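**Q** Before I ask anything, let me first share the structure, which is written out below as structure tokens.
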Amino acid sequence: SLCAAAAPNLSYQELKDLKKANVLHIDVRERWEIDRSGKIPESINIPLGELMQALQMDPTEFKEQYNQKMPSKSDPVIFSCLAGTRSKQALGFAMSLGFS
């Protein structure tokens, strides 16, 4: 399930359309889930337990850790997980840190 502030639930097609617009897609599933079920193309994996720390990293450290430019607080970001619960938590974490 996918989650974004503007639209709390997105379809797969909506995600595909947003990815064309350079939206950062963060998959908050655990690494073992990615290993078992597969990685979503062009997403980065930041398990929910690491997300708060990751979103507060120095941009250079974020790039080294996740091989991706750190999003600014105004950049569009989409969170996903298996069922939607963790992606909603991730959205709440990001918004509490000032991400819009």
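**Q** Which ones in region 5-48 are among the aromatic types (F, W, Y) and modelled with pLDDT of 75 or more?
**A** W32
**Q** Pull out all pairs, ordered by first then second residue, where Cβ-Cβ is under 7 Å, the residues are six or more apart or on different chains, the first lies in region 83-96 and is modelled with pLDDT of 90 or more, and the second is of a type in the set (S, T, Y).
**A** Final answer for the pair search is S87/S1; S87/S80.
**Q** For region 38-73, name all the residues that are touching a residue at least 40 places away in the same chain (Cβ under 8 Å) and not in a loop (DSSP other than H, G, I, E, B).
**A** If the condition is that a residue be touching a residue at least 40 places away in the same chain (Cβ under 8 Å) and not in a loop (DSSP other than H, G, I, E, B), then L48, L51, M52 are the ones that fit.
**Q** Among the residues of region 17-36, write down those that are in contact (Cβ under 8 Å) with a residue 12 or more places away in the chain, loosely packed, with under 15 Cβ neighbours inside 10 Å and over 14 Å from the mean Cα position of the chain (by Cα).
**A** A21
**Q** Determine whether K63 is open to solvent by 20 Å² or more (accessible area, probe 1.4 Å), basic (K, R) and at pLDDT 95 or above.
**A** When the stated conditions are applied, K63 passes them.
**Q** Take the residues in region 14-68 that are touching a Leu at 6+ places or on another chain (Cβ under 7 Å) and among the aliphatic types (A, V, I, L, M); name whichever of them is farthest from A83 (Cα to Cα).
**A** L55
**Q** Being in contact with an Asp or Glu (Cβ under 9 Å, 6 or more places away or on another chain) and not aliphatic (A, V, I, L, M) is the filter; apply it to region 43-64 and report the residue that is farthest from A94 (Cα to Cα).
**A** S43
**Q** Scanning region 39-60 for residues that are polar (S, T, N, Q) and open to solvent by 90 Å² or more (accessible area, probe 1.4 Å), which turns out farthest from F99 (Cα to Cα)?
**A** Looking at residues that are polar (S, T, N, Q) and open to solvent by 90 Å² or more (accessible area, probe 1.4 Å), I get Q53.
**Q** Kindly provide the set of residues from region 22-80 that are over 24 Å from Y12 (Cα atoms) and of a type in the set (G, A, S), ordered by number.
**A** If the condition is that a residue be over 24 Å from Y12 (Cα atoms) and of a type in the set (G, A, S), then G49, A54, S72 are the ones that fit.
The values are calculated or read from the model by the stated rules, or taken from the named source; none is laboratory data. Quick caveat: nothing in here was measured; it's all calculated off a predicted structure. A quick note on method: Cβ atoms are made from the backbone with ideal geometry, for glycine too, and the neighbour counts reach across all protein chains shown. In case anyone asks, the SASA skips ligands and DNA or RNA and just uses the protein heavy atoms, side chains included. Shrake-Rupley method; radii C 1.70, N 1.55, O 1.52, S 1.80 Å.
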